[in-house]
Amino acid sequence: MSKLWIFDCDGVLVDSEVIAIRTEAALLTEIGMAMSEEEIAKNFVGLSYSDMMSALEQRFAGTVPDGFEARVQEEVMACLPSELTPIAGIGTMLARNDGPRCVASSSSPERIALSLRITGLDAAFAPSVVFSSSLVEHGKPAPDLFLYAAHTMGFRPADCIVIEDSPHGVAAARAAGMTAIGFGAGGHMRPSSVERLAQVGAHHVVDTVDQLEQLLVELSPNGRESSE
């Protein structure tokens, strides 16, 4: 049986985390919950916004103002059309390889759809194979989203390979009983970020799309590379 490739979106398919982290740092400073971009990248990449807001309230012993999450989302969404790019080489990789694949992201359905459309990656993922954490009760690092995606796609967890850029995503993949690949090609990633993916349990860690493609083909029975 072939393997299901499950891609996170932000930081794996599209280079959006740099935009989101910059926006979050600026707006958190405004509400008196100042955090550096490095801190945000370390602690919140891969979390749903609702989980991020809960974590902020615990950390600062305060309440995030009403509408703050919506404001962050709006400002990030406003930046995407002019700033968002795909991860370099990912579109070519997807076009060169066939077989079952899907997207499982902590972002909202609207943001995922916009990101894929802006970057042209919507051609590689039909709406029916794009899954948001809004579909499940618990987001990453819980395994719910990945298990939901696998079930919907008709695959056992053991037959799924997850590509993730965040420790929370790697933890979710491991908890789901899936193979976890830590991916370090996003603009927000640093050597320490990549090292942390290995430390939290990624089965494999790669830095480039070429390395990712080679590994995915090796891990998938009979390979998946198209002859076209």
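Laid out as a table, the results:
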{"read-out": "Electrostatic dipole magnitude of region 17-83 [Cβ: Lys, Arg +1; Asp, Glu -1; Cα centre; debye, to 20]", "value": "100 debye"}
{"read-out": "Rotationally averaged projected area of region 17-83 (alpha carbon convex hull; nm²)", "value": "4.1 nm²"}
{"read-out": "Cβ crowding within 10 Å averaged over residues, with 207-217, 72-82, 12-22, 43-53 ranked highest first", "value": "12-22, 43-53, 207-217, 72-82"}
{"read-out": "The chain: relative contact order as a whole-number percent, Cα under 8 Å and 6+ apart", "value": "27 percent"}
{"read-out": "Spherically averaged projected area of region 67-202 from its Cα convex hull (nm²)", "value": "8.6 nm²"}
{"read-out": "Extended-chain gain in nm, criterion 0.36 nm per residue less alpha-carbon gap, S82 and H138", "value": "17.0 nm"}
{"read-out": "Assigned charges on the beta-carbon of Lys, Arg, Asp, Glu; the chain dipole about Cα centre (debye)", "value": "500 debye"}
{"read-out": "Dimensions (Å) - the chain, Cα atoms, principal axes, largest first", "value": "54, 35, 33"}
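Taken together, the values in this text are just the output of simple stated rules run on the coordinates, not laboratory data. This is a predicted model, so every value here is computed, not measured. With ideal geometry, Cβ positions are generated from the backbone for all residues, glycine too; neighbour counts draw on all protein chains shown.
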